[in-house]
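Novice: This structure is in structure tokens; I'll ask about it shortly.
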């Protein structure tokens, strides 16, 4: 499932630069069709990730941890768009980022994947975490 998530989110191959426009549209264009596709393909995994300690066996190693962060931080925003549940995975996603950065696990990821690993910091309502996120992005 980890590979399915990463291929869906980043395209077939992970380039050093940016994926093609169709992949980038997944990230930044609001689309009911994209939301539905994510819900159908990954909805059960998102729910598992949101459960207490769900998919905890994905923690502590890349790329599994990146896939878990995408489930918690990105896919929740698609599946539960315009509802409070869109943010249900934020706290855990930030905890994963903090642990991953503390142990420098994210450094093995290509740059675009690192950016999405750091993205929960940018979504945070905590100003200190946002500032830390900016620092992480500046180091990319």
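Novice: Checking the condition touching a residue at least 40 places away in the same chain (Cβ under 8 Å) and either surrounded by 12 or more Cβ atoms within 10 Å (Cβ to Cβ) or in contact with a strand residue (DSSP E or B) (Cβ under 8 Å, 6 or more places away or on another chain) (or both), which residue from 2, 23 passes? Outline the logic, then answer.
Specialist: Working: 23 fails: touching a residue at least 40 places away in the same chain (Cβ under 8 Å).
Selected residue: 2, the only one of 2, 23 that is touching a residue at least 40 places away in the same chain (Cβ under 8 Å) and either surrounded by 12 or more Cβ atoms within 10 Å (Cβ to Cβ) or in contact with a strand residue (DSSP E or B) (Cβ under 8 Å, 6 or more places away or on another chain) (or both).
Novice: Going through the range 9-37 one residue at a time, which ones are in a helix (DSSP H, G or I) and within 16 Å of the chain's Cα centre (by Cα)?
Specialist: Filtering the range 9-37 down to residues in a helix (DSSP H, G or I) leaves 9-10, 21-28, 32-37.
Matches in the range 9-37: 9, 10, 23, 24, 25, 26, 27, 28, 34, 35.
Novice: So, one more: What's the number of the condition residue 40 fails, among (1) surrounded by 12 or more Cβ atoms within 10 Å (Cβ to Cβ); (2) more than 13 Å from the chain's Cα centre (by Cα); (3) at pLDDT 95 or above; (4) part of a helix (DSSP H, G or I)?
Specialist: (1)
Novice: Next up: Tell me, yes or no, whether the range 66-87 has at least one residue that is more than 21 Å from residue 137 (Cα to Cα), touching a residue at least 40 places away in the same chain (Cβ under 8 Å) and assigned to a loop (DSSP other than H, G, I, E, B).
Specialist: Among the residues of the range 66-87, at least one is more than 21 Å from residue 137 (Cα to Cα), touching a residue at least 40 places away in the same chain (Cβ under 8 Å) and assigned to a loop (DSSP other than H, G, I, E, B), which makes the answer yes.
Novice: Out of 72, 18, I need the residue that is at pLDDT below 95 and in contact with a helix residue (DSSP H, G or I) (Cβ under 8 Å, 6 or more places away or on another chain). Which one?
Specialist: On the way: 72 fails: at pLDDT below 95.
Step by step, each of 72, 18 is checked, and only 18 is at pLDDT below 95 and in contact with a helix residue (DSSP H, G or I) (Cβ under 8 Å, 6 or more places away or on another chain).
Novice: A follow-up question, please. Could you please find all residues in the range 124-140 being surrounded by 18 or more Cβ atoms within 10 Å (Cβ to Cβ) and within 20 Å of residue 28 (Cα to Cα)?
Specialist: 124, 133
Novice: Against the definition (part of a helix (DSSP H, G or I), free of Cβ contacts under 8 Å to residues at least 60 places away in the same chain, closer than 27 Å to residue 131 by Cβ and out of contact with any helix residue (DSSP H, G or I) (no Cβ under 7 Å at 6 or more places or on another chain)), how does residue 98 come out, yes or no? Outline the logic, then answer.
Specialist: Values: part of a helix (DSSP H, G or I): yes; free of Cβ contacts under 8 Å to residues at least 60 places away in the same chain: yes; closer than 27 Å to residue 131 by Cβ: yes; out of contact with any helix residue (DSSP H, G or I) (no Cβ under 7 Å at 6 or more places or on another chain): yes.
For residue 98, the condition - part of a helix (DSSP H, G or I), free of Cβ contacts under 8 Å to residues at least 60 places away in the same chain, closer than 27 Å to residue 131 by Cβ and out of contact with any helix residue (DSSP H, G or I) (no Cβ under 7 Å at 6 or more places or on another chain) - is met.
Novice: Please determine whether any residue of the range 9-17 is farther than 26 Å from residue 134 by Cβ, in contact (Cβ under 8 Å) with a residue 12 or more places away in the chain and either surrounded by 15 or more Cβ atoms within 10 Å (Cβ to Cβ) or out of contact with any strand residue (DSSP E or B) (no Cβ under 6 Å at 6 or more places or on another chain) (or both).
Specialist: The answer is yes, given that some residue of the range 9-17 is farther than 26 Å from residue 134 by Cβ, in contact (Cβ under 8 Å) with a residue 12 or more places away in the chain and either surrounded by 15 or more Cβ atoms within 10 Å (Cβ to Cβ) or out of contact with any strand residue (DSSP E or B) (no Cβ under 6 Å at 6 or more places or on another chain) (or both).
Novice: So which residues in the range 81-102 are over 15 Å from the mean Cα position of the chain (by Cα) and either closer than 17 Å to residue 121 by Cα or surrounded by 18 or more Cβ atoms within 10 Å (Cβ to Cβ) (or both)?
Specialist: 102
The values are calculated or read from the model by the stated rules, or taken from the named source; none is laboratory data. Keep in mind that this is a model prediction, so the values were computed, not measured. Note: ideal-geometry Cβ built from the backbone for every residue, glycine included; neighbour counts use all protein chains shown.
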